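Written out below as structure tokens is the structure these notes cover.
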Amino acid sequence: MSSSNGKDAKNWVGQALPRKEENRLLRGRGRFSDDIKLREMLYLRFVRSPYAHAKIVGVDTSTAEKLSGVACALTGAEIVSQTQPFIEIGPDPFARIKDYPLAAAKVRYQGEPVAAVVAESAALADDAAELVQVEYEALDPVIDAEEALENQSLLHDEAGTNLVWNGVFEYGDVAKAFKEAAHVVTIDRMHFHRFSSTPLENNVVIARWDPKDERIYYQCNNSFPSFAIQFLAAHLQVHIDRIRVETSDIGGSFGIKITSYPQMAVCALASKKAGGRPVKWVETRSEHLTSSAHGNERIFRETRVALDKNGVITAITSRHIDDCGAYPRYEPLGCVIWSQVFPGVYRFKNARIDFSQAVTNKCPVGPNRGYSRMQHLWFLERIVDVCAHKLGIAPDEMRLRNYVRPEEFPYTTPNGCIYDSGNYPRMLQLAKQKIGWDDWKKKQATARKEGRLIGIGIGTTLDSGTNNFGQSQIVNPGLPYSGNSQGANCKLDIYGEVVVAVGSCPQGQGHETTAAQVVADVLNIHPDMVTVRTGFDTERNVHTGFSGTYASQFAVSGLSAVHGAAQKLKAEMKRLGAFVLETKEADVEFGTGAQGPELIAKSSGKSINYWGLANIVNANSASLPEELYELTLNCRYIWRAPFKVPDKQKKYGNLTMTYASQLHIAVIEVERDTFIPRILDYAAIDDCGTVINPPIVEGQVYGATAHGIGAALMENCVYDAVGNMLTSTFSDYTPITAMNMPHVKYGHISTPSPHSYSGAKGMGEGGAAPVHTISAALQDALFDEGVFIDDSFNNADSLFRALVGKEISQMEKLVKVEKR
Amino acid sequence: MNVPMKVTVNGKLHALDVEPRMLLVEMVREQLDLTGTHVGCDTTYCGACTVLLNGAAVKSCTMFAVQADGAEITTVEGLEKDGQLHPIQKAFGDAYGLQCGYCTPGLMLSTLQLLSENKQPDEKDMRKAIAGNTCRCTGYQNVLKAMQLAAQNMKGA
Ligand code: FES
Ligand code: FES
């Protein structure tokens, strides 16, 4: 990018600038939602179901309501009578289900809210919640997705089935590829487990339904507010402009906080019932783990892989069953989102995936870091990895033979997605160098002789960013969504301050800093002179239907919007500057002088600072000629991604704008006596094109790596046979700590994206590279023991059962190779 | 029913009346409005609520307020002096040791305790010192870098 006067030497984009957010966060002066206290504020507590599946016979809140200090209670029945069920994204028959924020007729997962009580203090609300009597009649729970598809016990009678969605994604000539194959590998079943990237800050909602102006005011930490208001307006039957959502500092989301709109609805209705007093709900950790959202669980059945004699994959067929928990909510979008990375990083052209999604009596799923793509990428990585082992091809060599080649970018996938740029072989080379591949190979051979189980695994993954929402029409042709957009506003305020607002809602990604870097480059000023608004606010009028922070896109959509708004402002300033400085626009230069940032006429040396400019437009306009009345120095810009609606029948089209990639290598030892898998070494290489702020990117890589390693080895949402969630506290769920997280050897390459203005690619989700990598490393360690790593979650217990008990994960039973 | 208590927080003495069941973290956040101390769990796992109680890092969600009667407490707000960041705060900023910042107050106080006992901690010491502090954003790598930097910054002190 260039600034007007050609001083490109000092570009702020690309620099390791300290984060603007730090000043408040380090001092304990961040403003998280739970820090907010309002006059007359009440506190809400939910009453939740202990059953996974049960009829609600009766809810009695009378004793609770009599407790002194209790303002009111709400039940599901009351909500049903006052609201419309939430919008369903999917088509019939699931479009017919009735999803309310409090269960009325039956409960469908443990932890589902059935009532809410509101009191003068949080402690009193706790007391009152315990006094609510709910009578249940237990029903048969369905915990397994494949079992759910047998429809023995239905979750939603209105749908008449537990099948939420089914579709076949078929490309190329599968039959021919199998006919010509030199090897056919079949894999009976694989399973991607349920976990949550669970942020450290739980969900928080403060709602006020003001009876004076009939508006609803939210202060909360929802991470996709423009989506939430669309659901809330339809549910609460209010004009969408009557809902104001503000977010401030957010303690992480990773997608999970997208789905807090049901709780937002209850808080608003409770406030209305309490006469407009503000109602605050602060989720507890166990509520978060049992009933906010989990990542999608997925089963891969009857996978067949065709390979040529060199181990090049030519075709894949498989049947996938996704488990979305009790209510689809954001689903069935996940039924298409995985196809953004349909072939992963590989070149095969022929494939047929039969994709189904089922409801089960478990917590509803929500977009979880790596949403819907990581499951599929893991599936592909397992295929490549197990085929390599089975055919006796070195796993690194196997990947090189199958990768999309550097010279093939931009690469069109069989389903019409366009991979913008990449260089997977170079990443592999760099990762091998970082980890000391040859050295580890030697050490591994020696250790093997001593009977030690050491494995080295490679995981290559994609982080697709900036969705084409047109893909939603593949799951439901009736949906009115396509493309992608983001808004930003850049203005000179009355005293000449540069102020930026953008429709994102950051949770630690440093948007205030990177947005300032972009604007500073456009105006040729220091980023400290740019104020970036914190958090999201519908009232700033910079949001579009897609505004929020999710799906690895800020570097593309957010910063493109900021860039566009800054360019617009710059053009206006230039026009005004030329008038004031009595010169031509081409003569006007942007810079900083003794009076702060200013515009200078090159020819005369005359200058005017930002205050002077802003003053003319805002407070001294009598000197302004009429032809300049249209200048506002307050410039709103909506950035739109250049997408087309995909072909719904063929399921073909470009679904995402950028494809960042990551390549990890792990060395793991499974201890012979304890079966504990220990990471001995770890390397991570990242390619997100042009980097806006290197340490911010590096930090995102470390964070995503920790989530992936945690997920692969420690973090699992476990349900028993009747739907009790067994990992409902941090002590059971055991999020990864500094004791388990290895040192990561980080490396970076950059293949700039031709699709974004700056060459940046969205990143931050990380594509769950560690999950693939650790599975591959464990496979390498245990292949000789006859173990097939068929699950994305592996801990000492499962490895013991595989190695000693031989009850699970047996290669012999699950994987067959047919040589032709 | 309320119990009177006295507590010094960040050098300031407070005389309070608290419910016996009130947790220390609730007292700090709700009564004193020091909202830099956070809550992340309900099982003493995450350390978002870490404060120093008479110099020792404790999880303020796992103590009753009344147990701190007569104690001296330091919260994150007490780290800076006259608007100047504490070397630990500076190090966390310089080393990009935070993202969302929700865990950061707790991590910095655990670091303060470590460095008051051990001026030259090695990586193992540092990892142990923050074993009870969960961070969901940073993967700990830059946190450890920040701790190392803080140790260096404070060597002279
Ligand atoms: S809130 Fe105290 S340890 Fe988690
Ligand atoms: S920085 Fe977000 S939890 Fe640590």
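Taking into account only those residues within the range B:100-134 that are buried (at least 22 other Cβ atoms within 10 Å of the Cβ) and more than 14 Å from the chain's Cα centre (by Cα), which is farthest from the other protein chains (Cβ to nearest Cβ)? Result: B:M126. Each residue in the range A:694-733 was checked for being more than 20 Å from the chain's Cα centre (by Cα) and away from ligand 2 (no atom under 16 Å from the Cβ), and 17 of them qualify.
Yes or no: B:L52 away from ligand 1 (no atom under 11 Å from the Cβ), under 9 Å from the mean Cα position of the chain (by Cα) and surrounded by fewer than 24 Cβ atoms within 10 Å (Cβ to Cβ)? In short, yes.
Pick from B:A129, B:A65, B:A95, B:A71: which is at pLDDT 95 or above and within 15 Å of ligand 2 (Cβ to nearest atom)?
Details: B:A129 fails: within 15 Å of ligand 2 (Cβ to nearest atom); B:A65 fails: within 15 Å of ligand 2 (Cβ to nearest atom); B:A71 fails: within 15 Å of ligand 2 (Cβ to nearest atom).
Result: B:A95 is the single residue among B:A129, B:A65, B:A95, B:A71 that is at pLDDT 95 or above and within 15 Å of ligand 2 (Cβ to nearest atom).
Could you say whether any residue in the range B:80-95 is within 16 Å of ligand 1 (Cβ to nearest atom) and either of a type in the set (A, V, I, L, M, F, W, C) or within 26 Å of A:N740 (Cβ to Cβ) (or both)? The answer is no; no qualifying residue exists. I need a count of the residues in the range B:12-28 that are in contact (Cβ under 8 Å) with a residue 40 or more places away in the chain and away from chain A (no Cβ under 12 Å). Residues that pass the stated criteria total 3. Suppose the filter is assigned to a strand (DSSP E or B) and among the hydrophobic types (A, V, I, L, M, F, W, C); does A:A228 pass it? Spelling it out, it is not the case that A:A228 is assigned to a strand (DSSP E or B) and among the hydrophobic types (A, V, I, L, M, F, W, C). Would you confirm whether or not the range A:425-443 contains a residue that is under 28 Å from the mean Cα position of the chain (by Cα), buried (at least 16 other Cβ atoms within 10 Å of the Cβ) and not in a helix (DSSP H, G or I)? Checked against the condition, which is being under 28 Å from the mean Cα position of the chain (by Cα), buried (at least 16 other Cβ atoms within 10 Å of the Cβ) and not in a helix (DSSP H, G or I), the range A:425-443 yields no hits at all. Any residue that is within 16 Å of ligand 1 (Cβ to nearest atom), outside the structural domain of B:S60 (by TED's automatic domain parsing) and either within 20 Å of B:Y45 (Cα to Cα) or free of Cβ contacts under 8 Å to residues at least 12 places away in the same chain (or both) - is there at least one of those in the range B:115-128? Scanning the range B:115-128 turns up no residue that is within 16 Å of ligand 1 (Cβ to nearest atom), outside the structural domain of B:S60 (by TED's automatic domain parsing) and either within 20 Å of B:Y45 (Cα to Cα) or free of Cβ contacts under 8 Å to residues at least 12 places away in the same chain (or both). Cβ separations smaller than 6 Å between residues 6+ apart or across chains give the following pairs from the range B:29-52 residues that are more than 8 Å from chain A (Cβ to nearest Cβ) to residues that are part of a loop (DSSP other than H, G, I, E, B) and within 13 Å of ligand 2 (Cβ to nearest atom): B:G47/B:N133; B:C49/B:V39.
Scanning the range A:692-709 for residues that are within 22 Å of B:F92 (Cβ to Cβ) and more than 9 Å from chain B (Cβ to nearest Cβ) returns A:I692, A:N693, A:P694, A:V697. Within the range B:76-93, the set of residues being more than 7 Å from every other protein chain (Cβ to nearest Cβ) and among the β-branched types (V, I, T) comprises B:I88 only. Go through A:P225, A:P199 for me and flag whichever is within 30 Å of the chain's Cα centre (by Cα), crowded, with 24+ Cβ neighbours inside 10 Å and within 14 Å of another protein chain (Cβ to nearest Cβ). Answer to the check: A:P199.
At least 3 residues being farther than 23 Å from B:I130 by Cβ is the threshold, and among the strands (runs of 3 or more DSSP E) wholly inside the range B:1-93 those reaching it are B:3-9, B:12-18.
Residue by residue, here is whether (1) surrounded by fewer than 22 Cβ atoms within 10 Å (Cβ to Cβ); (2) more than 20 Å from A:G251 (Cβ to Cβ) holds:
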site	(1), (2)
B:P4	yes, yes
B:G11	yes, yes
B:M22	yes, yes
B:M27	no, yes
B:E30	yes, no
B:H38	no, no
B:S60	no, no
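A single entry from B:Q141, B:Q148 fulfils the requirement of being within 9 Å of chain A (Cβ to nearest Cβ), polar (S, T, N, Q) and more than 16 Å from ligand 1 (Cβ to nearest atom): B:Q141. Checking the condition in the same structural domain as A:V70 (by TED's automatic domain parsing), within 17 Å of the chain's Cα centre (by Cα) and within 16 Å of ligand 1 (Cβ to nearest atom), which residue from A:G255, A:G251 passes? Answer to the selection: A:G251. Screening the range A:15-128 for strands (runs of 3 or more DSSP E) wholly inside it with 1 or more residues that are at pLDDT 95 or above and closer than 26 Å to A:N222 by Cα returns the ranges A:42-48, A:70-75, A:113-119.
Checked against the criteria, A:L726 does not count as at pLDDT 95 or above, buried (at least 24 other Cβ atoms within 10 Å of the Cβ) and more than 12 Å from chain B (Cβ to nearest Cβ).
The values are calculated or read from the model by the stated rules, or taken from the named source; none is laboratory data. Keep in mind that what you see is a predicted model, and the values were worked out from it rather than measured. Using ideal geometry, Cβ is built from the backbone for each residue, glycine included, and neighbour counts are taken over all protein chains shown.
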